[in-house]
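Only one structure is covered here, and it is reproduced in the block below.
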Amino acid sequence: MKRFVLSILCFAWVLCFAHLGQAKVELLAKTNGTVASGSNSSNDSGDTCASQGYHRTALDCNGVLLEPCSGNSTYYKFCCPTGYKYTKEQCGDKIRSTDNCHGYYKCD
């Protein structure tokens, strides 16, 4: 009986650590507040950026483009409404409201 209980505990321990190894944390807003305003030079056709989740371009965004792809700076991760381009730290006590766009805020 002790072997059975020990086997179950070992199996549960292995499953827990296997699950923890797959855990992933992704921050949406960086503290440096990477914001871009237009197109820059590109050295990637966009396929690599698209596969990494960078789908926004200046053609399909009427607001602010946020977080450019490092392989092709014409692709961005987010498109937020006009004015939502500052981190909470950058706004300080001048945050217009508590609503945000992927962690970016409007400041007064």
Looking at Leu66, is it hydrophobic (A, V, I, L, M, F, W, C), at pLDDT 90 or above and surrounded by fewer than 16 Cβ atoms within 10 Å (Cβ to Cβ)? no
Residues located in region 62-102, provided they are more than 21 Å from Gln52 (Cβ to Cβ) and of a type in the set (A, V, I, L, M, F, W, C): Cys91, Ile95
Per the filter on region 74-86, residues of a type in the set (S, T, N, Q) and either at pLDDT below 90 or surrounded by fewer than 14 Cβ atoms within 10 Å (Cβ to Cβ) (or both) are Thr82
When the residues of region 92-106 are filtered to those that are more than 24 Å from Thr57 (Cα to Cα) and in contact with a Lys or Arg (Cβ under 8 Å, 6 or more places away or on another chain), which remaining residue is modelled with the highest pLDDT? Ile95
How many of the residues making up region 42-62 are in contact with a Ser or Thr (Cβ under 7 Å, 6 or more places away or on another chain) and either at pLDDT below 90 or not in a loop (DSSP other than H, G, I, E, B) (or both)? 2
When region 59-99 is checked residue by residue, the ones that are among the polar types (S, T, N, Q) and either within 21 Å of Gly46 (Cβ to Cβ) or in contact (Cβ under 8 Å) with a residue 60 or more places away in the chain (or both) are Asn62, Ser70, Asn72, Ser73, Thr74
Can you name every residue in region 87-108 that is on the phi < 0 side of the Ramachandran plot and surrounded by 15 or more Cβ atoms within 10 Å (Cβ to Cβ)? Thr87, Lys88, Gln90, Cys91, Ile95, Asn100, Cys101, Tyr104, Tyr105, Lys106, Cys107
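The values are calculated or read from the model by the stated rules, or taken from the named source; none is laboratory data. In this text, all values refer to a predicted model and were calculated from it rather than measured experimentally. As a convention, Cβ positions derive from the backbone with ideal geometry for all residues, glycine included, and neighbour counts pool all protein chains shown.
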